[in-house]
Amino acid sequence: MLELKNVSYEVSDINDNKEILKDISLSIDERFVAITGPNGGGKSTLAKLVAGIIKPTSGKILLDGEDITDLSITDRAKSGISFAFQQPVRFKGITVKDLIRFAVGHDISTPEACAYLSEVGLCAKDYINRELNASLSGGEAKRIEIAMTMARGTSLSIFDEPEAGIDLWSFQSLIKVFEHLHEKAGGSIIIISHQERILNIADEIIILKNGVVENQGTKAFIFPKLADTSSLKGCRGVLKGADRK
């Protein structure tokens with residue numbers, strides 16, 4: 001279980017301090033949790049705090065009861081946290097098989113590595129020996145990153161706006177991957193997203209606005225509040241082009 005206790009984060013500029021997150025306390029223990037809200041509300045900042053990319057100005061972060069507030073990003077990863085960026089990192093000279101092997105933490109056979117690619121809907125023989133470079137489309141890179149996260153098998157996986165920068169076809173494929181991931185998840189998955197089709201498969205939705213948790217609950221409880229556009233002014237893509245259920 002992930003717990004945030006009175007977590008705040010502020011940045012300083014020449015003239016003033018700006019508080020990005022304000023005294024946030026919440027617990028996440030569901031399989032699949034989506035965090036949404038207006039642009040600039042603090043969603044990506046919250047994800048980076050949990051991953052250890054940045055550290056809170058005040059408050060504590062606990063994972064399964066252990067205080068991880070002061071742990072580095074490397075130690076967070078060792079403790080069981082994976083983080084997928086909006087734009088997957090590209091590594092010239094490293095193949096897809098290399099990446100999956102690094103994620104698993106030991107040498108694996110080609111068929112074992114291919115199994116992870118099959119999980120995300122990629123034809124293994126077409127990708128296993130490809131380099132992680134600019135020749136991959138945004139959708140391909142996203143799915144390979146998800147395969148790597150699955151290979152790590154961590155207790156908490158965080159995806160920051162996985163739909164960013166990909167085309168409609170890739171987005172449709174991405175939704176199917178997350179639906180499958182939701183069914184098989186052994187730990188907790190947190191997705192930062194504006195897209196209703198992603199929110200629609202979440203067990204719990206958190207609305208983050210102006211640096212505070214405005215609401216938290218099930219899809220049935222939260223969706224009517226998302227329909228109130230005044231509460232999510234400035235949010236890209238919420239409740240657009242989705243299959244409402």
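Between 74, 154, the distinction of being among the β-branched types (Val, Ile, Thr) and part of a loop (DSSP other than H, G, I, E, B) belongs to 154 only.
Within the option set 128, 100, being buried (at least 21 other Cβ atoms within 10 Å of the Cβ), of a type outside the set (Asp, Glu), out of contact with any Pro (no Cβ under 9 Å at 6 or more places or on another chain) and over 30 Å from residue 23 (Cα atoms) holds for one residue only, 100. For the range 78-95, state whether one or more residues are part of a helix (DSSP H, G or I), touching a residue at least 12 places away in the same chain (Cβ under 8 Å) and not acidic (Asp, Glu). Yes - at least one qualifying residue is present in the range 78-95. The residue that is modelled with the lowest pLDDT, counting only those in the range 59-97 that are more than 30 Å from residue 22 (Cα to Cα) and over 21 Å from the mean Cα position of the chain (by Cα), is 92.
Go through the residues of the range 58-67 one by one and say whether even a single one is under 16 Å from residue 208 (Cα atoms), of a type in the set (Lys, Arg) and surrounded by 15 or more Cβ atoms within 10 Å (Cβ to Cβ). Within the range 58-67, none of the residues are under 16 Å from residue 208 (Cα atoms), of a type in the set (Lys, Arg) and surrounded by 15 or more Cβ atoms within 10 Å (Cβ to Cβ).
Looking across the range 1-24, the residues that are surrounded by 17 or more Cβ atoms within 10 Å (Cβ to Cβ) and farther than 13 Å from residue 56 by Cα come down to 2, 3.
The single residue among 174, 199 that is at negative phi and touching a residue at least 60 places away in the same chain (Cβ under 8 Å) turns out to be 199. Considering (1) outside any strand (DSSP E or B); (2) within 20 Å of the chain's Cα centre (by Cα), the lone condition that residue 113 does not fulfil carries the number (2).
Can you tell me which residues in the range 116-125 are surrounded by 16 or more Cβ atoms within 10 Å (Cβ to Cβ), outside any helix (DSSP H, G or I) and without any contact (Cβ under 8 Å) to a residue 40 or more places away in the chain?
So the first thing to find is which residues in the range 116-125 are surrounded by 16 or more Cβ atoms within 10 Å (Cβ to Cβ), and the list is 116-117, 119-120, 122, 124.
Filter once more, so that each one left must be outside any helix (DSSP H, G or I): 120, 122.
If the condition is that a residue be surrounded by 16 or more Cβ atoms within 10 Å (Cβ to Cβ), outside any helix (DSSP H, G or I) and without any contact (Cβ under 8 Å) to a residue 40 or more places away in the chain, then 122 is the only one that fits.
Scanning the range 159-214 for residues that are over 12 Å from the mean Cα position of the chain (by Cα), acidic (Asp, Glu), under 24 Å from residue 63 (Cα atoms) and modelled with pLDDT of 75 or more yields 203, 204, 214.
Within the range 131-172, if we keep just the residues that are acidic (Asp, Glu) and within 15 Å of residue 85 (Cα to Cα), the residue that is surrounded by the most Cβ atoms within 10 Å (Cβ to Cβ) turns out to be 163.
Test residue 157 against the stated conditions and say whether it is in contact with a Leu (Cβ under 7 Å, 6 or more places away or on another chain) and under 27 Å from residue 64 (Cβ atoms). In short, no. Return yes or no: is residue 110 of a type in the set (Val, Ile, Thr), surrounded by fewer than 16 Cβ atoms within 10 Å (Cβ to Cβ), in contact (Cβ under 8 Å) with a residue 12 or more places away in the chain and more than 25 Å from residue 178 (Cβ to Cβ)? Taking the combined requirement at face value, the residue satisfies it.
Is it the case, given these coordinates, that residue 29 is on the phi > 0 side of the Ramachandran plot, surrounded by fewer than 15 Cβ atoms within 10 Å (Cβ to Cβ) and in contact (Cβ under 8 Å) with a residue 40 or more places away in the chain? So that I can check it myself, show each step before the final result.
Values: on the phi > 0 side of the Ramachandran plot: no; surrounded by fewer than 15 Cβ atoms within 10 Å (Cβ to Cβ): yes; in contact (Cβ under 8 Å) with a residue 40 or more places away in the chain: yes.
Answer is no for this residue.
The values are calculated or read from the model by the stated rules, or taken from the named source; none is laboratory data. Remember, predicted model here, so these are calculated numbers, not experimental data. For neighbour counting, all protein chains shown are included, and Cβ atoms are generated from backbone atoms with ideal geometry for every residue, glycine included.
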